[in-house]
Amino acid sequence: MAGSDENNPGVIGPSQEVGLRAGARGKFARATGQNRRALSIVNRDVVGAPPFPCAVKKRPLSQNAVSNKIPSTHVHRPITRKFAADMASKQQMKPEVPNESDDFTIIDLDDPKESNDTEVPMFERHVEAMLEEIDRMEEVEMEDIAEGPFLDIDNGDKKNPLAVVEYIDDLYKFYRKAECTGCVPPNYMAQQHDINEKMRAILIDWLIEVHYKFELMEETLYLTVNVIDRFLTVHQVVRKKLQLVGITAMLLACKYEEVSVPVVEDLILISDKAYSRKEVLDMVCDSTLCLINILRSIRKKGDTYIHLDLQEKLMINTLQFNLSSPTPYVFMRRFLKAAQSNKKLELLSFFMIELCLVEYEMLKFPPSLLAAAAIFTAQCTIGGFKHWSKTCEWYTNYKEEQLVDCSRMMVTFHQKAGTGKLTGVQRKYCTSKYGYAAKTEPATFLLEAKS
């Protein structure tokens, strides 16, 4: 035991008996001291261990850090196993603060002040990303609610076989393609030598009155105007035969659309007997009653059925028997349904578009656009502000910006409807049957909004 560090007074100090249990026998103490390691070696093992398990870079602390951390009063105190364990536990509770020269960092996870502000835990970043996504989705939903999705206008007619809900959309896609074939050049009157657009306007205005007196279907009027324009596009007509063209076109339209067709004598009478029966029948076809069946029809006189001779006459041959071109009326019914119209809106819309039938300059617009613009103008006239819903935009395929120019022209026609000589549409829509639609104040704010 003479060479042991434990017996060196310079290492342990004078108070050696503190490390032994009080009242222990000297023999037991001496026997124990002979078989154990020097406590200084144990002390080096404990102090040299990593003081804190959360160190980023695990390596033994420098001697300066250990000596600075342990109070100076403990240097001269004998270190027992119990004291070393207590000291190690205290070091674990309080993490070591390294010197500035050390190249590692100790992070206390329980103390948010000790953590790096720029470092955000992964779960917090994930939660923040989820919250941002939820906020973005709520904003999108609010925008959809504000704008309002378009309505399914055919939802209530699914059990109605006449509504043909299964292929109504396909029908109107076909109409949109076919309307181009039924449109006439907007300047076709330039090739007519003896008539002009004013004469056309007089003829259409007069036919609107005839249509009203005969109480014909609305489709008949629009088809009549379409037949007149298509015929004048390809055939030269002198002015004294222009009225004959008009009544012949109406007779063809009636035989295509009506159940009860006016007789030829009534048309001659209403034209002030300007034409004979033979002239009318030469212009039209004797067999035009068969147009619904395309080839043949049967007329009953008494108990005898007489088959009519199929003769190709001037007008029906010029049109090549094609009377199925989409007119504005075809689109009006669909678009009014999209607008969820009432009777007032419907009558005012038809008033607008009949004003356009008289005007030659409106031929530059396709029938579908005329129908959409008429409904848009009527909505603005009733509401006093611009209104074109997402549903109307969806089913008409026209945005508000595309309708404004045509709508302004309609407002101008509305302002002038009661003046001048061509007042047939005005008088028609000033009756109770048509809801006094012509007496509605025009939407002049549409004209004022023009830049």
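The values are calculated or read from the model by the stated rules, or taken from the named source; none is laboratory data. No experiment lies behind these values; they were computed from the predicted model shown. For neighbour counting, all protein chains shown are included, and Cβ atoms are generated from backbone atoms with ideal geometry for every residue, glycine included. Protein only, heavy atoms only, side chains kept; ligands, DNA and RNA dropped before computing areas. Shrake-Rupley method; radii C 1.70, N 1.55, O 1.52, S 1.80 Å.
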Cβ-Cβ FRET estimate between GLU258 and LYS198, R0 fixed at 22 Å, reported to 0.05: 0.15
Near-label residues of segment 173-209 by backbone N, under 18 Å of a point 7 Å along Cα→Cβ of TRP394: 173
Approximate spin-label separation TYR436-LYS343, in nm, with each point projected 7 Å along Cα-to-Cβ: 1.4
Highest average packing first - 388-397, 243-252, Cβ atoms within 10 Å: 243-252, 388-397
Rounded accessible area of ARG230 (nearest 10 Å², 1.4 Å probe): 30
Centre separation in Å (Cα based) which lies between segment 389-435 and segment 185-245: 20
Pair LYS421, LYS278: separation of 7 Å Cα→Cβ label points (nm): 3.3
Which listed pairs, of LYS173/LYS428; LYS337/LYS399; LYS399/LYS433, have C-alpha distances above 23 Å, in listed order: LYS173/LYS428; LYS399/LYS433
Per-residue HN-Hα couplings for segment 386-400 [Karplus 6.51, -1.76, 1.60; θ = phi - 60°; Hz; x = Gly/Pro]: 6, 8, 8, 6, 5, 5, 4, 5, 5, 7, 8, 6, 10, 8, 4
Computed FRET value (nearest 0.05) for CYS180 with GLU448, which takes r as the C-beta separation and R₀ as 41 Å: 0.75
Nearest-10 value in Å² for the accessible area of PHE365, using the 1.4 Å probe: 40
Radius 11 Å from Cβ of LEU336, net charge of other residues (Lys, Arg +1; Asp, Glu -1): +3
From phi via Karplus (6.51, -1.76, 1.60), per-residue ³J(HN,Hα) for segment 243-254 in Hz, x at Gly/Pro: 5, 4, 4, x, 6, 5, 5, 5, 5, 4, 5, 5
Cα-based shape type of segment 327-451, given that a ≥ b ≥ c are square roots of the gyration tensor eigenvalues and the cut on a/c is 1.5: rounded
